[in-house]
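In what follows, a single structure is set out as structure tokens and then discussed.
Here, each number is a calculation from the coordinates, and none is a lab measurement. Quick caveat: nothing in here was measured; it's all calculated off a predicted structure. In this analysis, Cβ positions are derived from the backbone assuming ideal geometry, glycine residues included, and neighbour counts consider all displayed protein chains.
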Amino acid sequence: MIEQQRILTTAIPGPRSRELQSRKTAAVAAGVGTGLPVYVTDGAGGIIRDVDGNQLIDLGSGIAVTTVGNGNQRVVDAVTEQIARFTHTCFMVTPYEPYLGVCEKLNALTPGDHEKRSALFNSGAEAVENAVKIARHATGRQAVVVFEHGYHGRTNLTMGMTAKNMPYKHRFGPFAPEVYRVPMAYPYRWAGGPERCAEEALRTVTDLIHAQVGEENTAAVVIEPIQGEGGFIVPPEGFLPGLAEYCREHGIVFVADEVQSGFCRTGDWFASDHEGVVPDLITTAKGIAGGMPLAAVTGRADLMDAVHGGGLGGTYGGNPVACAAALASIESMEADDLAGRARGIGKILGDRLGSLAEKHPEIGEVRGRGAMVAMELVTDPATKEPAAALAAAVNKGCHDRGVVTLTCGTYGNVFRFLPPLSVGDDLLHEAMDVLEESMDAALA
Ligand SMILES: *Cc1c(COP(=O)(O)O)cnc(C)c1O
């Protein structure tokens, strides 16, 4: 394993990375952006090494993907063994056992002890598309209800389900019909205040569905139990259980999009577990397979089995190498109690960000759960005016000092922390020191 130490040998990005970035400009479509253009050669634990020999602390996990860490030995061994045996047959042609193992694990680990089935795909967007296909087919209804600040992917349907225009939707329409957007329970910005947010948001959402869509036309309500790209928005206690109950009463399929929040990230197996919410369908991807592309829809057997044979699938869905990686990742999560580790990381980050917020009132709110933590930056805590420029400056400050950080949020003013659960406490504290330096410098 590469040494778990931040090392800066050049400016960030260094000369070799800058060379590669000019090749990128000449060869790669401009629409494919790079947030921090250091070109990676190795990664392990909590460190990413680049072509100039710099070693950066990773607080992003490639957007919540390498939850078990790059270079996780179980994943490396399982993938190596599977690659040597066979890499692909297509499960729809001649199946193989690792696909079954992943589905059995998903059925057992996702919330609820009812009978479940799973289907495997390649990306989060594909999983969300398939959840909608299944909900529509099973209910015979068409409408899909989604939330402000929601993010569900970049395919046509999931772009339409995503809230934010730039950069995800701008000039990419027209979007698929029968997608309806309702307000999100966002305590920090709820007009009636955080105490009234759960109840008022639930009433607003159900009134809107009733008045503008009609429950009997609604196939699915799709929600991230903690919103990711939209700003790590954590709905107040009571909102998700109330929403799930409303869906149950009206035969609406309640879909939890746990692509970002799932697989130990929030300190439980799934964010839905926190309040005992049992979704009808749950979509997973990102953290599921240690960086290999894999995604899934898991849910009630009666819904999943409603679709005719051949109605679901895809050439690569549930690729055997990705399945081997998923089984090894899940084994690591179980054996190493990574949910517990996520809670420990959450405590460290929460404490450090809490002290930082006392020093800098521009930190309007620190929120999140487990190792899915964010701070929302504002120009003034009284007006809560989003401070996107400050977020960008602090982000750049962290990058320059060798820490991989990410921003998010509809207004671009949320700083999010998604460290691999394999990161050490010392690196986390060092990264928080760097964050503090960068905040101090940006506000000086
Ligand atoms: C990232 C993400 C997606 C899309 O996943 P891709 O693998 O990028 O297609 C969908 N939903 C949520 C909540 C996500 O965070």
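Summary table
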{"quantity": "The chain - share of DSSP beta bridges that are antiparallel (%, nearest 5)", "calculated": "65 percent"}
{"quantity": "Overall form of the range 38-155 per C-alpha gyration tensor (a/c, 1.5; a/b vs b/c)", "calculated": "oblate"}
{"quantity": "Dipole moment magnitude, nearest 20 debye, the range 1-157 about Cα centre, only Lys, Arg, Asp, Glu C-beta charged", "calculated": "420 debye"}
{"quantity": "Peptides ranked, highest mean first, by Cβ atoms within 10 Å: ranges 295-308, 237-250", "calculated": "295-308, 237-250"}
{"quantity": "Net charge contributed by nearby residues that have their C-beta within less than 14 Å of Ala301 (K/R +1, D/E -1)", "calculated": "-3"}
{"quantity": "Loop-resident sites, the range 1-100, for chymotrypsin sites (Phe, Trp or Tyr not before Pro), counting at most 11 other Cβ within 10 Å (DSSP)", "calculated": "Phe86"}
{"quantity": "Mean Cβ count within 10 Å, highest first, over the residues of peptides 6-14, 337-345, 219-227", "calculated": "219-227, 337-345, 6-14"}
{"quantity": "Axial C-alpha extent at least 30 Å, average Kyte-Doolittle at least -1.0 - helices from the chain (DSSP)", "calculated": "338-359"}
{"quantity": "Candidate lysines for bridging to Lys359, where Cα separation is under 23 Å - those fewer than 8 sequence places away on the same chain excluded", "calculated": "Lys347, Lys384, Lys396"}
{"quantity": "Anisotropy class of the range 74-335 from Cα gyration tensor, a/c 1.5 cut", "calculated": "prolate"}
{"quantity": "C-alpha center-to-center spacing [the range 8-30, the range 74-148] in angstrom", "calculated": "36 Å"}
{"quantity": "Net charge over other residues, Cβ less than 12 angstrom from the Cβ of Tyr168 (K, R count +1; D, E count -1)", "calculated": "+3"}
{"quantity": "Prolate/oblate/rounded call for the chain, Cα gyration tensor, a/c under 1.5 rounded", "calculated": "oblate"}
{"quantity": "Lysine pairs with alpha-carbon atoms under 22 Å apart, the range 74-335, spacing 8 or more or separate chains", "calculated": "8"}
